[in-house]
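Q: The structure follows.
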Amino acid sequence: MTNTPRATPISTPRPLANSETQSIPIVETRPTGDAIRSSLGLPPKLPPGLPPVSKAEVDEWVKLAHDPVDHPSHYTGHPSGVECIQITEHMNFNVGNAVKYLWRAGAKGDATEDLRKAAWYIERELKRLDQLP
């Protein structure tokens, strides 16, 4: 289904070329507000009577807009544009998890908790390396 902008018809009488007294109506179209808004890349104007949307509702919609399973915002928000998993998938489990917690420190909650988790994985990796022959 195509979303074609509607136009408001305007009837304008025009004189015939061979007669001074006779005229026929010509229908011209002018774009409606929604058609103009659409041509500018703007959404259509909301119809009257809709309840107002609170800032809290908008914030909730924005929060839900990110993909919390495949591409969580706390792992995709790095200024480099690189997603954390693109780096950590090339590391072993302990080092990858340490990098993950360093990467997201403070973006998902308490930064000190993330840093402690990173330190825990680093300590675990150090113990693992110490046990190698």
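Only the coordinates and a few stated rules stand behind these numbers; no lab work does. It should be emphasised that the depicted structure is a prediction, and the values quoted were computed from it without experimental measurement. Glycine gets a Cβ as well: all are built from the backbone with ideal geometry, and neighbour counts include every protein chain shown.
Q: For the range 55-130, what does the alpha-carbon gyration tensor say about shape, rounded, prolate or oblate, given a ≥ b ≥ c as the root eigenvalues, a/c under 1.5 as rounded, and a/b over b/c as prolate?
A: Prolate.
Q: Using mean Cβ contacts within 10 Å as the protection proxy, how do 69-75, 96-102 order, highest first?
A: Ranked by mean Cβ neighbours within 10 Å, highest first: 96-102, 69-75.
Q: Name the residue farthest towards the positive end of the dipole of the range 55-130 from the options Cys84, Ile122, Ala111, assuming +1 on Cβ of Lys and Arg, -1 on Cβ of Asp and Glu, about the Cα centre.
A: The Cα lying farthest towards the positive end belongs to Ile122.
Q: Extension gain Val53-Leu102, at 0.36 nm per residue separation less the Cα-Cα distance, in nm?
A: 14.0 nm
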